[in-house]
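The values are calculated or read from the model by the stated rules, or taken from the named source; none is laboratory data. From a predicted model like this one, the values you see are computed outputs, not experimental measurements. Cβ placement follows ideal geometry from the backbone for every residue including glycine, while neighbour counts extend to all protein chains displayed.
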Amino acid sequence: MEKEDAFKRIQRYLGRSDTHPRLVNANNPVDLDAVWQQFAVGDNVFKSVSDFSTADEDLSEDSLFSFLGSASGNVFLTGFTSYYKLLGEQKLRDFLNRISGMSLVSAHVVLLCYQCETALSAVDPRYGQYVYLLTGDKTELPQLVFVSQEMRVQRVKASVRGVQNISEAAEKGKALEIFVRTNKRRSSYPCSLYAIRELRSAYDALCGIDPATRQLSEKYGTPEEWNTAFEQVAKSGSWMKYISDYIGNCDHLEYAAPAWTSFEPYKKWVYFIALKLFGAKNSWCLSEAAKSADSCSHLIREIYRSILSLEPEDPQFWKHYDERKTLIKQIGSSHAEETDYCGIVKKKENKTLYYLSDSSEDERNLIFETLHDCSEELGRERISEILEHVYPDLHSYLVPYRFNIPLLDSYFREYNYQKVVNRIEPEFLNIVNEQAGKREFNRLLPARSAIVDAIPKKGTAVCFVDAMGAEYLSYIMDKCKANDLRAYVKVCHCELPSLTYLNKEFVEVFKAGGAGFLHGENGIKALDELKHHGNNECDYTSNKLPTYIPEELEIIGDAIEEIATSLKNRDYERAVMISDHGASRLSVISGQENKWEMASKGQHSGRCCPVSEIDEQPPCSTKENGFWVLANYDRFKGGRPANIEVHGGATLEEVTVPVIEITYSPGKIEIELQTPKVKFRSHKAAVLKVFSKTKLKSLSVEIRELKKRYDGNSSDGQNFTVEIPDIKRARNYTADVYEENNLLSEGLEFKAENSGMSDNNIL
């Protein structure tokens, strides 16, 4: 029957006194809606299943038929047949027969049926004339998904709350699957004409939407997280589509890692799930961490621990180490995880140093602890190799500075190393005691005034760093290079005793010449304060490890960055980094106290004493400016032991101070190796020729394989010849080029050939 014919028949029925209900069947939502639209006018009343049901309960037939028995006017019943399909074919037929056989008192009832042709064919033939079958294509019957009341399915395309609302959703025909939040079980409807599957959790539901979910354990998330994910994935259709829209490309999930700190908790969890499903193809660390983690909260822990699965001998170790270090910086450090990591990394025993970094205070402290405990076993060369990756700033502090004065070269190489490993070697102590008598610094080092006098004052910024001795020069040079600065160093001796009030003469000289001061005339006091008083973590009475060194380096590094900013802004033409005196850590470690007792207690931790207080000169001391000044690691009796470091004495680390002239030098200086091949013979040194596009004051070449540096000669400051007498073997060599101690170019390769062998072959 065509719709128009059915409409006419229904309209005629509504206008007569006929007491028999009419049953109108539609096969699709469009035709069913057309009937509704046609008659949802005037006083016509439409009633649905929910009008005769309570929340999540089956239809009350008593209520329905009681209503029909007393109803008046025109009543249209919708959704009832779709509801009875839930109860089964027989229940549906019984209902249709009961409706069709009713004799109404004062109402006209039209039952809108949905896809019931088969069931209607079994209606009592006496009432067959009251059945109107609309032509039209039949749509597919939806599947029902029973989910628990706790699951959120509001955002799912087709979802209802309670079984009483199933029919309404079914007859819209827009979804092949309807999610029903209900406490009913599939077993409650054994004869259902709908296919029913049962999901008791959002995780189960997700498995149905995207089978990839089965790769995940339900324990990876909380019910709330799975609920939210279910709603979102249901809308997107798959995990891949949802993650791509929410996080980013599933093939490059590592790109999203830098945004981790801005993610709210749920987004972090989705990122964790994404890594579980798809990995991070270009991040070994993220992929390994995701494999091991059993929750989002453990992902960070596994990132920290990922490197522990590798041995230092692995060819990929340092590549993965650097990747992990970068990743931790991106995602933000966690004090809890740092503490946890520092606890577990100790299982690596003598290899612990390989697995640490400078990223946190806990790890830096453990670096110093490990160096103290394992330095002899590891050896100096290996420590240097490890620290270059693990703690670059500490590595540069330990790189030997080239003073071009053999005593200073060897002394500070040993001093810096022993300060870091927190141990005094007997051989070095012998040198200290020897120099206490000789005091060769008086012969080898000029007075500071001579150097200061030669520096232009106009256009100069003075950066006075109290207690900055020569020990920091390699680190300073490294930081200058990183900030596009060139530094020219002169070392000198301070006045004795090595106290500030006796060593500030340069302030007035610079001031009189019109120089500026970056931190005022008193300079930066933080380094000196640290050496005297330490901090909460550093006090020799409670912590004998040199864990204050990172703060020392930070103070100096900050000063260099400030200099760089000032020079880049063209506030000044040059800067001069200068100090009053150095300080000694090893004197504190030594803990030696001599027999001479001071009358004035606690003066400069016993490193010097007014001459008037002691009648005779103590051994290993010098008389300067009315003081007996100790030149070894002794301490006058009665002097208060220092907390961190000490000054006032005459050891090389206390008296050797730098004057550093610094200029801004943007861009790389072009260096060309003009001899890719060099010849050597038994009595003739190999000669390397080097060209600099920029005119240089000097040039030297360090040969890595020989671990030595060689000075070049030049008549024009651009073309240099460098003799290398130590080349005795034909092979490839690598050269690093310096101007003084400024690294200009590195990794230049050349080949050495034995010309003597060639001559012999010819003969």
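Per-residue answers, yes or no, for (1) more than 22 Å from ALA195 (Cα to Cα); (2) in contact with a Pro (Cβ under 8 Å, 6 or more places away or on another chain); (3) of a type outside the set (Ser, Thr, Tyr):
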residue	(1), (2), (3)
ASN27	no, no, yes
ALA34	yes, no, yes
VAL49	no, no, yes
SER53	yes, no, no
SER63	yes, no, no
LEU77	yes, no, yes
THR81	no, no, no
Fill in: Residue ID - surrounded by the fewest Cβ atoms within 10 Å (Cβ to Cβ), chosen from residues in segment 499-529 that are part of a helix (DSSP H, G or I) and touching a helix residue (DSSP H, G or I) at 6+ places or on another chain (Cβ under 6 Å)
VAL509
Fill in: Any chance SER396 is surrounded by 19 or more Cβ atoms within 10 Å (Cβ to Cβ), among the polar types (S, T, N, Q) and in a loop (DSSP other than H, G, I, E, B)
no
Discussion item. Checking the conditions here, which among LYS568, LYS595, LYS601, LYS544 is of a type in the set (Lys, Arg), modelled with pLDDT of 95 or more and loosely packed, with under 14 Cβ neighbours inside 10 Å?
Written reply: LYS568
Worksheet, complete the sentence: Matching residues in segment 219-247 (assigned to a helix (DSSP H, G or I), of a type in the set (A, V, I, L, M) and either within 15 Å of LYS276 (Cα to Cα) or touching a residue at least 60 places away in the same chain (Cβ under 8 Å) (or both)) number 4
Discussion item. Contact list please: Cβ distance under 7 Å, first residue in segment 710-739 and at positive phi, second residue in a loop (DSSP other than H, G, I, E, B), pairs at least six apart or on different chains.
Written reply: GLY717/LYS695; GLY717/LEU696
Discussion item. If a residue must be in a strand (DSSP E or B) and without any contact (Cβ under 8 Å) to a residue 40 or more places away in the chain, how many such residues does segment 159-178 contain?
Written reply: 4
Item to complete: Go through segment 52-104 and tell me which helices (runs of 4 or more DSSP H), entirely inside it, have 3 or more residues that are crowded, with 17+ Cβ neighbours inside 10 Å and under 60 Å from the mean Cα position of the chain (by Cα).
Response: 80-87
Worksheet item: For segment 248-282, what are the residues that are part of a helix (DSSP H, G or I) and of a type in the set (Lys, Arg)?
Response: LYS267, LYS268, LYS276
Worksheet item: Could you say which residue among GLU150, GLU140 is surrounded by fewer than 17 Cβ atoms within 10 Å (Cβ to Cβ), assigned to a loop (DSSP other than H, G, I, E, B) and over 47 Å from the mean Cα position of the chain (by Cα)?
Response: GLU140
Discussion item. Out of GLY606, GLY638, I need the residue that is surrounded by 14 or more Cβ atoms within 10 Å (Cβ to Cβ), under 54 Å from the mean Cα position of the chain (by Cα), free of Cβ contacts under 8 Å to residues at least 60 places away in the same chain and more than 25 Å from GLU434 (Cβ to Cβ). Which one?
Written reply: GLY638
Worksheet item: Which ones in segment 408-431 are free of Cβ contacts under 8 Å to residues at least 40 places away in the same chain, polar (S, T, N, Q) and over 20 Å from PRO658 (Cβ atoms)?
Response: ASN430
